[in-house]
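The structure appears right after this line, and notes come after that.
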Amino acid sequence: KVCLTEGLTIDIEEDKNGFMWFAIQGGGIIKYNVVTKKIKTYRHSKRQGSIPSDQVNCIHIGEKSQILIATSNGMCRYEPKTDSFRLIPLNADVSDIGSIIEDQGVLWISTTKGIIRYAKGENIQMYNRYDGLSSEVFQPNAGIKTSDGCIYFGTTSGFVGFYPYQIKANNISPAVYI
């Protein structure tokens, strides 16, 4: 089977139901049913439930089989009951999402302005050069969690790697002097 797309196919994933998901930069998402050979294309539009952008950078199938989509205009989750997408508000000053890696229910999200730690029900944590990152600009679909639990993200000038369990938030407010 050959399917011509309107952009670069940057990621391919298979969900628990056997559907193939293709992330197309500039062309949205293609869902392919390998049994029926049917193709469905999802594109950005003004209607509610569409993907936030046709610039799709990554597809992540989560630990609980949820399908997350990283785009140049935010991150969304596929809602199978309505065959639509729901934007996940990150409340960060960044919308260009490159990769999504999951570790024990926590999402580590690479962006064009650093790395976001996202845990549902908690405030997000944004890590950037002030936290020791050598680069804040991460490449689309350039992330992996290795067998020993280390997460790597590819940057425009190399890569960064870290063990999530070693990241500790500093919750102590600095003293203010006038």
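The values are calculated or read from the model by the stated rules, or taken from the named source; none is laboratory data. A quick note: this is a predicted structure, and the numbers were derived from the prediction, not measured. Note that each Cβ is placed from the backbone with ideal geometry, even for glycine, and that neighbours are counted across all protein chains shown. Heads up: the accessible areas ignore ligands, DNA and RNA and are worked out on the full protein's heavy atoms, side chains in. Shrake-Rupley method; radii C 1.70, N 1.55, O 1.52, S 1.80 Å.
Observations on the structure shown:
- All told, I59 meets the bar of being aliphatic (A, V, I, L, M), modelled with pLDDT of 95 or more, under 13 Å from the mean Cα position of the chain (by Cα) and buried (at least 17 other Cβ atoms within 10 Å of the Cβ).
- The requirement of being farther than 24 Å from I12 by Cβ, of a type in the set (G, A, S) and either open to solvent by less than 50 Å² (accessible area, probe 1.4 Å) or touching a strand residue (DSSP E or B) at 6+ places or on another chain (Cβ under 6 Å) (or both) is not satisfied by G74.
- Verdict on F153 being in contact (Cβ under 8 Å) with a residue 24 or more places away in the chain, among the aromatic types (F, W, Y), open to solvent by less than 80 Å² (accessible area, probe 1.4 Å) and over 26 Å from H44 (Cα atoms): yes
- Scope region 124-136; condition open to solvent by 40 Å² or more (accessible area, probe 1.4 Å), in contact (Cβ under 8 Å) with a residue 24 or more places away in the chain and part of a loop (DSSP other than H, G, I, E, B); matching residues: I124, S134, E136
- Qualifying residue in region 28-35 (condition: touching a residue at least 40 places away in the same chain (Cβ under 8 Å) and either polar (S, T, N, Q) or under 21 Å from I115 (Cα atoms) (or both)): no
- If you go through region 78-115 and keep only what is of a type in the set (K, R) and surrounded by 16 or more Cβ atoms within 10 Å (Cβ to Cβ), you end up with just K113.
To keep it simple, each residue is scored yes or no on (1) more than 29 Å from G149 (Cβ to Cβ); (2) in contact with a Leu (Cβ under 8 Å, 6 or more places away or on another chain); (3) not polar (S, T, N, Q).
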{"site": "S50", "(1), (2), (3)": "yes, no, no"}
{"site": "V56", "(1), (2), (3)": "no, no, yes"}
{"site": "I59", "(1), (2), (3)": "no, yes, yes"}
{"site": "G62", "(1), (2), (3)": "no, yes, yes"}
{"site": "I69", "(1), (2), (3)": "no, no, yes"}
{"site": "L87", "(1), (2), (3)": "yes, no, yes"}
{"site": "L90", "(1), (2), (3)": "no, no, yes"}
{"site": "V94", "(1), (2), (3)": "no, no, yes"}
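- Only one of the numbered conditions (1) part of a strand (DSSP E or B); (2) surrounded by 14 or more Cβ atoms within 10 Å (Cβ to Cβ) is violated by I12, and that is (2).
- In region 15-33, residue least open to solvent (accessible area, probe 1.4 Å) [restricted to those that are aliphatic (A, V, I, L, M) and in contact with a Lys or Arg (Cβ under 9 Å, 6 or more places away or on another chain)]: I29
- Enumeration of residues in region 34-44 that are open to solvent by less than 70 Å² (accessible area, probe 1.4 Å) and either of a type in the set (A, V, I, L, M, F, W, C) or modelled with pLDDT under 95 (or both): V34
- Filtered residues of region 64-114 (kept if touching a residue at least 40 places away in the same chain (Cβ under 8 Å), assigned to a strand (DSSP E or B) and either over 9 Å from the mean Cα position of the chain (by Cα) or on the phi > 0 side of the Ramachandran plot (or both)): I67, F85, E102, D103, V106
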